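> Structure incoming, see below.
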Amino acid sequence: MLGRTTVSRIVILSRARCSNHLRSCTRAASTSSLGSYSPAEPTHSVIRKGTFRQPLEPVVLPQTLDIGRWNYYLAGHAEEGKVVEALHTFVHMKNIQVLPSRETYHSIIRAFAHNCMYDEALAIFTDMINMGFHATPQTFAYLIQSANNSDNQAVDYILDLMRQSQVPMDSAIFHALISRHAMRKELEMCIQRLNDMIGWGAPASLDTIAAIIILASEQDNPRLAHDIAASFEASSSRRITAHLWMNILMSSAEGLYIEGTEAAWNQVVTEHGIAPDEGLCLAVLHCAARHGHSELASLVIEQLRFMGAHIQEYHLAPLVEAFVVAGQLKIAMQTLSFMRSHGTPPTMQTASSIIAYITDGTSIERIDAAFNMLDDLHVDAGVVDIVAMNAVVAAAVAMGEFARAVGIYNSAGDWGIKPDVETFKIVLGGCLVQKKREHTARIFEHMEKFNIVLDADIHEALIKIELLAIDGYYEDAFWRLEEMKGAGFKVPKKLYEELAKTCVNHKDIRHKLVIEEMKSLGHEISQDLTDYIQRSGPPPTLVHQTQHGFLDRRRD
């Protein structure tokens, strides 16, 4: 591996050797005694696409005088950017007295352009003009390419030379300019040059369009990339390649641009039969979901199945959302049942788009409409998924309609299901957020009615709700705390702190016992709780506090 310093020295040495060849060739082209020139030794360090190759093997060159054959050799060297080989061939031509043509000079310039050797290319151009050959648009296209690593003044100078030579702009020149801007990530200049190109009536090549599409896709401008691709195909017999459509698909899906995503998906998957990876499929799914394009989302799910992917909840959640956004709420609910029957149980996260749709606005009409849809699903399909019911319950709770929420889950038996733990987590969570402590007793009765086994979350919610008491009676919080511990659940540190703060607010000395228990469990007392207690002032006597019963229960 060559170090940076070593590489720099090789580049300088190689350019110097190329310059020696160039000066020799120039002298050979202008001398009247062609046979008197002795070529220099071949260069062993050569620039090729920015990398270095091994030393050249000796090459035996033919002695033919056919300029066409020599130009064929030079064109091959120019195509691969073999500067030294091209110059060596050029010198050999001089030695056997083969006069160069304009194509000869073009090949030399092209070889230099391939390696962005602007000064050398310009010197060959000058020699070509001195030899009486006229420049063509392709000549200047090569010169512009040679200036890709030079500043804009070099390009301005080339364009000025072109105007002086009265050479018109054409597709090759515009392609060289656009390629330069694309290499420099100058998207606006690419578009400006493309507009100029249209103004000149110069047709754009596929390579030119490709450079702009790739740059626009990379710079998160999928609409522009798609518009350029569509415009090119509409005005040309040539088609955009699958590679370019893949760029448009990735950019459009990530940018949630549905027109570009749909068009690119059809081209990549349907027309070219290319299978996108799972990550890209997920991006397309989310784009389809955002815009309510359930048909596209369904096509992506089919493609994932065809690819052998194991369909998960996160694959199907965007399909549910797509139905919701498209106004097909009933089908979205039915999709939840479809998921469960095919081994992919939905979750409340899957139904989040359903909840968002129902709660969008202040009217309760959508709650009632969703409730009626649950009835229709049971009549039409004979099945209602519990997550669909819980989603409607969650929407009712979010809008403060607790009576409707209770009515909905009490109707579960009519649909062949029953409320589950998640149902009551939702309702209790609403009571806590909206401080509706008065509903707790009835909800707890319903939990017992439906034989709901309390988990840690429900225990915690019940305790927190009891701490909402505005009358100072929060004894049930201690009772529920003991229940939680008795059920084998670990009490979170934050719940202990909330209980301690409530005691402090009511001058209840039992906050000390709460803190002792926290310490015994290895919980660190936060500075916030310490400061809170200090700001509350001295507690009352222990005699006043024992009547609350927490100490008695601890003794038992």
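The values are calculated or read from the model by the stated rules, or taken from the named source; none is laboratory data. Keep in mind the model is a prediction, meaning the values are calculated, not measured. Every residue, glycine among them, receives a Cβ derived from its backbone with ideal geometry; neighbour counts consider all protein chains shown. Side chains included, ligands, DNA and RNA excluded: accessible areas come from the protein's heavy atoms. Shrake-Rupley method; radii C 1.70, N 1.55, O 1.52, S 1.80 Å.
> Post the alpha-carbon centroid distance, the range 480-521 to the range 121-147, in whole angstrom.
Distance between centres, Cα-based: 87 Å.
> Rounded to the nearest 20 Debye, what is the dipole magnitude of the range 181-340 about its Cα centre when Lys and Arg each give +1 and Asp and Glu each give -1 at the C-beta? Present the calculation step by step, with values, prior to reporting the outcome.
Values: 10 positive and 18 negative charges, 35 e Å.
With only Lys, Arg, Asp and Glu charged at Cβ, the dipole is about 160 debye.
> Sticking with this one: In vacuum, with every alpha carbon of the range 286-350 counted as one equal point scatterer, what does the Debye formula give for log10 I(q)/I(0) at q = 0.15, 0.22, 0.29 Å⁻¹? Two decimals, please.
-0.40, -0.87, -1.35
> Oh, and also: Within the range 404-441, whose backbone N sits under 17 Å from a point 7 Å along Cα→Cβ of D375?
Output list for this probe position: 404-417.
> So what is the calculated 222 nm ellipticity per residue for the chain, using -39500 (n - 2.57) for each DSSP H run with n of 4 or more, over all residues, to the nearest 500 deg cm²/dmol? Write down the numbers at each step before the final one.
Numbers: 30 runs with 366 residues, N = 556.
Dividing the helical sum by the residues of the chain leaves -20500 deg cm²/dmol.
> Follow-up question, since we're still on this one. Select from the range 145-230 those trypsin sites (Lys or Arg not before Pro) which occupy a DSSP coil region and have at most 14 other Cβ atoms within 10 Å, ordered by residue number.
Details: sites: R163, R180, R184, K185, R193, R223; in loops: R184, K185.
Here the sparse-neighbourhood loop sites are R184, K185.
> Now a separate question. For the range 196-330, with equal point scatterers placed on the C-alpha atoms only and solvent neglected, what are the log10 I(q)/I(0) values from the Debye formula at q = 0.21 1/Å, to two decimals?
Log10 I(q)/I(0), no solvent term: -1.16.
> Follow-up question, since we're still on this one. Given DSSP loops and a limit of at most 15 other Cβ atoms within 10 Å, what is the longest stretch of the chain that contains no such GluC sites (Glu not before Pro)?
Maximal segment without exposed cleavage sites: 187-523.
> Could I ask something else about it? Once the Cα atoms of helix 67-79 and of the chain are each reduced to a long axis, what angle between those two axes, in degrees from 0 to 90 to the nearest 10, is obtained?
For 67-79 against the chain, the angle is about 20 degrees.
> Between the range 174-198 and the range 345-411, what is the C-alpha centre distance in whole Å?
First find each Cα centre; the distance between them is then 54 Å.
> Right, next: Roll a 1.4 angstrom probe over the protein heavy atoms and tell me the percent of accessible area of the range 104-176 that is carbon or sulfur.
Numbers: 1370 of 2910 Å².
Ligands and nucleic acids excluded, carbon and sulfur reach 47 percent.
> Between rounded, prolate and oblate, where does the chain land on the alpha carbon gyration tensor, with a ≥ b ≥ c its root eigenvalues, rounded for a/c under 1.5, else prolate if a/b exceeds b/c? All intermediate terms of the calculation are to be shown ahead of the outcome.
Details: a/c = 4.07, a/b = 2.53, b/c = 1.61.
Here the chain falls in the prolate category.
> Could I ask something else about it? In whole Hz and in residue order, list the ³J(HN,Hα) couplings for the range 123-132 that follow from phi through the Karplus curve 6.51 cos²θ - 1.76 cosθ + 1.60, θ = phi - 60°; x for Gly and Pro.
So the J values, rounded to whole Hz, are 5, 5, 4, 4, 5, 4, 5, 5, 7, x.
> With unit charges on the beta carbons (Lys and Arg positive, Asp and Glu negative) and the dipole taken about the Cα centre of the chain, which residue among V387, A113, M447 sits farthest to the positive side?
A113
> Using a/c under 1.5 as the rounded threshold, could you call the range 423-501 rounded, prolate or oblate? The axes a ≥ b ≥ c are square roots of the C-alpha gyration tensor eigenvalues, and prolate needs a/b larger than b/c, oblate otherwise. Each step should come with its number before you reach the end.
Working: a/c = 1.63, a/b = 1.11, b/c = 1.46.
Oblate.
> In degrees from 0 to 90, rounded to the nearest 10, what is the angle of the helix 137-146 Cα long axis to the longest principal axis of the chain?
Approximately 60 degrees, to the nearest ten.
> If we count every other residue with Cβ under 14 angstrom of R437's Cβ, Lys/Arg +1 and Asp/Glu -1, where does the sum land?
Values: positive: K435, K436, R442, K464, R480; negative: E438, E466, D471, E475, D476.
In short, 0.
> Just the number please: accessible area per residue for the range 135-241, 1.4 Å probe, all protein chains included, in Å². List each step's numbers first, then the result.
Working: 5200 Å² over 107 residues.
Accessible area per residue, the range 135-241: 49 Å².
> How about K82: which lysines have a C-alpha closer than 20 Å to its C-alpha, ignoring those fewer than 8 places off in the same chain?
The qualifying lysines are K49, K94.
> Per-residue HN-Hα couplings for the range 298-314, Karplus 6.51 cos²θ - 1.76 cosθ + 1.60 at θ = phi - 60°, whole Hz, x for Gly and Pro?
With coefficients 6.51, -1.76 and 1.60, one gets 5, 5, 5, 4, 4, 5, 5, 5, 4, 7, x, 6, 7, 5, 10, 4, 6 Hz.
> Counting alpha carbon pairs within less than 8 Å and at least 6 residues apart, what relative contact order, in whole percent, applies to the chain?
On the way: 679 pairs, mean separation 28.2, N = 556.
Once divided by the residue count of the chain, the mean separation gives 5 percent.
> Using the structure shown, select from K435/K493; K449/K519; K464/K485; K425/K493 the pairs with a Cα to Cα distance greater than 26 angstrom. Could you put the intermediate results ahead of the total?
Numbers: K435/K493 22 Å; K449/K519 38 Å; K464/K485 15 Å; K425/K493 20 Å.
Where the Cα-Cα span goes over 26 Å, the pairs concerned are K449/K519.
> Moving on to the next point. Note down the magnitude of the dipole of the chain about its Cα centre, charges +1 on Lys and Arg C-beta and -1 on Asp and Glu C-beta and zero elsewhere, to the nearest 20 debye. Spell out each step's value before the answer.
On the way: 50 positive and 65 negative charges, 426 e Å.
Taking the Cα centre of the chain as origin, the dipole is about 2040 debye.
> Let me have the relative contact order for the range 89-182, percent, based on Cα pairs under 8 Å that are six or more residues apart.
Working: 88 pairs, mean separation 25.6, N = 94.
About 27 percent, as a whole number.
> Each residue of the range 425-440 in turn: what ³J(HN,Hα) in whole Hz from Karplus with 6.51, -1.76, 1.60 and θ = phi - 60°, glycine and Pro shown as x?
3J(HN,Hα) across the range 425-440, in whole Hz: 4, 5, 5, 5, x, x, 4, 5, 5, 8, 6, 9, 5, 5, 8, 4.
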